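Structure first, commentary second.
The values are calculated or read from the model by the stated rules, or taken from the named source; none is laboratory data. Given the structure is predicted, the values throughout are model-derived calculations rather than measurements. Here the Cβ positions follow ideal geometry from the backbone for every residue, glycine too, while neighbour counts run over all protein chains shown.
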Amino acid sequence: MASRREFLKAAGAAAAVSQARVLGANDRIRLAGLGAGGRCRYLLGLANKIGGCEIVAVCDVYEPRRAEAREKLAPQAREYAEYREVLERKDVDAVIIGSPDHWHVPMSIDAVRAGKDVYVEKPVSHKMDEGPALIRAVEETGRVLQVGYQQRSWDIFQQGAELVQGGRLGKVTMVESHWYQDYIRNFGKMGPVDTAKLDWKRFLGNAKEQPFEQRRFLQWRWYWDFGGGALTDLHSHWGDVIHWYMREDRPQAATAMGAKRYHTYWDCPDTIVAAWQYPSYNLSYNGTLVGHLEGGTLVFRGTDGMLKITREGYALYPEGVLGAEKTSYPEPVASARASGDGTLDHMRNFLDCVRSRKTPNANVKNSVASAQAAHMGNLAYRKGEVVKGAA
C-alpha cells in the first residue's frame, strides 16, 4: 500500500506534468525572467547566446527594469509586474529567477508546481526553515531546479574537485576562505528610483510592512528582511565548493563576529569573520567590502599538499619538509588558469537538463545545504553565540 508521502509525490508530479509542455528535440525552450535586475538580465543573455531558446516574458515589480530587459534581450516578450501571471502561461517551459532572496523559495515552489523548470540564483533560501518545503516540491513534481552556484559547472573548479577527492592533498583538515569586494564605488552609481513605477508592496512580499527606502530597494542584500549579507551572497559560493570537494555538508557548529565598519546604515555587517566545524574538517571565512585586490580565494590544507583556488585558476603546492626554511611558495605540482566565466556552462547545463530531464549540477538538496550553512553563520552572528547544527 502506498504511503501518504508517495501518494502526494505522485499527485504532485502528475499535476506538474499536466501543466508542462513536452519538448521535442528541435523545440525551442520558452523562458521567462522573474526579477529582471542586472543578474537576471545577464543570465537571460547567456541563454540567448547558447541558443535553442526564446524569452517570452519578463517580470519585475519595477517597470524600468522589466522594460530594459525586454528592449535589450527580447523585444517580442511580454512584460509583467505579477510573477503568478507568468506561471499561468502554458507556453512558458522554464523560469530564471533573479529576485531578492526572500522571494527565491516562494517563486521556485510556485514555479515547479505550475510545471515549470527553474534556474534560481543563490542562496536558494532566505531562512533556515525554508529548505525542506522546496526540496519536497521539487521531488514531488519531478521538475528540474538549478541553483546559481556556477562553480559546479566551471571546468577549473571541476578539476579542483578531482584533485581533492583524488587524494592529491592527503587528509584535508582545514579550509580557509575569504572574499573582499569593493562595493563602495558601485553604490555611488545607484538610483534614483521612480517610485511611481515601483510596486513596493509586491517587492516586500512576505517581509514585514515598512515604508519605501531607496537603499533597501537597491541594496537589498544587506538587509535581513530581503537578504543575508556577505555570508549568503559571497561565502555561500565558497561554502558550496567546499561541501562538494569534501563530500560533507552538515556543519556541527558555527560562530561569527562582525560589524558595520563603513556601511553603518545596513542591517548586515560589512565586515565579518566566521567559522564552521564539520565532522572531518574546519572552515573559516573572512569578508569585508574594501581592499578587494585579492578578491575571493579558497585554500585547502592537507597532509600532502595545499590547493589554492580562485575563479582565475588554481595551484597545488606540495607539503614541505618539516623545519625547512620557507621564503616563498614552492613551485606548484599542478596548476591551471580559468578560460572564462563558468556561468555560461552552468546555464548550458540547466538548458540541457530541461531537455534531458537529468539532475543538474547544482541540485536542490546540495544547494539547500549550502544555504543552510550560511544561515547558521548569520544566526551565530546575530545571537552572539555558537550555533549548533542539527544532530
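Among the residues of the range 241-262, which ones are touching a residue at least 60 places away in the same chain (Cβ under 8 Å) and either in contact with a His (Cβ under 7 Å, 6 or more places away or on another chain) or surrounded by fewer than 21 Cβ atoms within 10 Å (Cβ to Cβ) (or both)?
Met246, Arg247, Asp249, Arg250, Gln252, Ala253, Thr255, Met257, Tyr262
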Exercise for review: Report yes if some residue within the range 181-188 is of a type in the set (S, T, N, Q) and under 24 Å from Thr271 (Cβ atoms); otherwise report no.
Suggested key: yes
**Study point:** Residue identified as in contact with a strand residue (DSSP E or B) (Cβ under 9 Å, 6 or more places away or on another chain), farther than 19 Å from Leu198 by Cβ and in a strand (DSSP E or B) among Val118, Val105
**Key:** Val118
Check your understanding: Applying the selection to the range 28-43, what residues are under 13 Å from Gly148 (Cβ atoms) and either surrounded by 21 or more Cβ atoms within 10 Å (Cβ to Cβ) or in contact with a strand residue (DSSP E or B) (Cβ under 6 Å, 6 or more places away or on another chain) (or both)?
Key -> Gly35, Cys40, Leu43
Practice item. Determine if the range 338-356 includes at least one residue that is buried (at least 16 other Cβ atoms within 10 Å of the Cβ) and at pLDDT below 95. Key: yes
Practice item. Scan the range 297-314 residue by residue and report those that are farther than 14 Å from Leu283 by Cα, hydroxyl-bearing (Ser, Thr, Tyr) and in a strand (DSSP E or B). Key: Tyr314
Check your understanding: So which residues in the range 361-391 are within 14 Å of the chain's Cα centre (by Cα) and either under 30 Å from Asp93 (Cα atoms) or in a strand (DSSP E or B) (or both)?
Key -> Asn361, Ala362, Asn363, Val364, Lys365, Asn366, Ser367, Val368, Ala369, Ser370, Ala371, Gln372
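Listed here are the residues, each with its yes/no results for (1) part of a strand (DSSP E or B); (2) closer than 30 Å to Gln159 by Cβ; (3) outside the structural domain of Gln181 (by TED's automatic domain parsing); (4) touching a strand residue (DSSP E or B) at 6+ places or on another chain (Cβ under 9 Å).
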position: His243; (1), (2), (3), (4): no, yes, no, no
position: Asp249; (1), (2), (3), (4): no, yes, no, no
position: Ala256; (1), (2), (3), (4): yes, no, no, yes
position: Arg261; (1), (2), (3), (4): no, no, no, yes
position: Ile272; (1), (2), (3), (4): yes, yes, no, yes
position: Trp276; (1), (2), (3), (4): yes, yes, no, yes
position: Ser284; (1), (2), (3), (4): yes, yes, no, yes
Check your understanding: In this structure, is Leu204 crowded, with 17+ Cβ neighbours inside 10 Å and without any contact (Cβ under 8 Å) to a residue 40 or more places away in the chain?
Key -> yes
Practice item. Sort through Ser125, Ser153 and tell me the only one that's touching a Gly at 6+ places or on another chain (Cβ under 7 Å) and farther than 21 Å from Gly35 by Cβ. Key: Ser153
